[in-house]
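A quick write-up on the structure given underneath.
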Amino acid sequence: MNMFSIILENLRGYDLLIFFLALFNFLYILPRVKQTALALEQRLQPTIYAPIESILRMIREPGTEKGFDLHLLRDLRDRQNHFFHLHLTINSLFPLLGILGTVIALLRLTDLDDAVILLNFTRALTSTFWGLIFAILFKSIDGFIFAKVDENEADFNLLINRIDMKTKGEYDEA
């Protein structure tokens with residue numbers, strides 16, 4: 001068997017699981033991370049460095065166009081973090097699935113004939129190859145996503161801390 005036919009045969013087997021997981025991560029999880037991160041950034045950026053008094057006025061007028069909804073911000077932040085951590089968890093599975101595919105293929109070794117050993121070893125390495133390829137690919141994407149998620153987290157915490165510092169005295173005296 002040539003290498004190309006071995007790769008195609010494995011794609012119909014265990015390697016298909018790695019590809020499905022990569023597609024799920026790329027087509028479902030990553031767009032949601034990006035969508036929630038951008039929505040959170042758009043709501044945080046205009047207000048994060050505004051004077052605290054104007055932020056407090058916007059919070060007190062939630063039904064108006066100028067209103068500012070902290071619950072919505074927290075929900076967006078929680079969804080962003082949920083999808084981002086799901087993305088990171090899936091990324092950590094790729095090398096493990098590659099190793100598992102290798103072990104499964106090597107467990108099929110029942111005959112110690114050189115041709116059988118070579119064929120099964122080649123089959124075993126394809127799942128490791130795909131697991132590493134997708135792990136490297138998604139890890140490189142992580143750098144771009146992590147920067148935005150981290151910036152949003154810092155901006156959200158800064159906003160909450162500014163509100164807490166300003167309102168602490170108002171509510172402690174009451």
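The values are calculated or read from the model by the stated rules, or taken from the named source; none is laboratory data. Since we're looking at a predicted model, the values are computed, not measured. When we count neighbours, we look across all protein chains shown, and the Cβ atoms used for this are built from the backbone with ideal geometry, even at glycine.
Please enumerate the residues belonging to the stretch 82-102 that are aliphatic (A, V, I, L, M), touching a Leu at 6+ places or on another chain (Cβ under 8 Å) and modelled with pLDDT of 95 or more.
Ile90, Leu93
Mind checking which helices (runs of 4 or more DSSP H) fall wholly inside the stretch 1-112 and carry at least 3 residues that are farther than 25 Å from Lys166 by Cβ and hydroxyl-bearing (Ser, Thr, Tyr)?
Ranges flagged: 70-107.
Evaluate the following for Asp75: is it of a type in the set (Asp, Glu) and closer than 30 Å to Asn157 by Cβ?
So Asp75 passes the test.
Could you tell me whether Ala135 is crowded, with 16+ Cβ neighbours inside 10 Å, in a helix (DSSP H, G or I), at pLDDT below 85 and of a type in the set (A, V, I, L, M, F, W, C)?
no
Is there a residue being modelled with pLDDT under 85 and either under 15 Å from Val149 (Cβ atoms) or out of contact with any helix residue (DSSP H, G or I) (no Cβ under 9 Å at 6 or more places or on another chain) (or both) anywhere in the stretch 28-35?
No, the stretch 28-35 has no match at all.
Restricting to the stretch 1-54, and then to whatever is over 22 Å from His87 (Cβ atoms) and either within 17 Å of the chain's Cα centre (by Cα) or among the acidic types (Asp, Glu) (or both), can you tell me which residue is surrounded by the fewest Cβ atoms within 10 Å (Cβ to Cβ)?
Among them, the one singled out is Glu53.
Is it true that Val149 is closer than 18 Å to Leu11 by Cα and of a type in the set (A, V, I, L, M)?
Against the criterion (closer than 18 Å to Leu11 by Cα and of a type in the set (A, V, I, L, M)), Val149 does not qualify.
Answer yes or no as to whether Leu97 is of a type in the set (A, V, I, L, M, F, W, C) and touching a residue at least 24 places away in the same chain (Cβ under 8 Å).
yes
Six or more apart or on different chains, Cβ atoms under 7 Å: show the pairs whose first residue is in the stretch 35-49 and under 13 Å from Asp78 (Cα atoms) and whose second is β-branched (Val, Ile, Thr).
Note: pairs meeting the criteria are Ala37/Val149.
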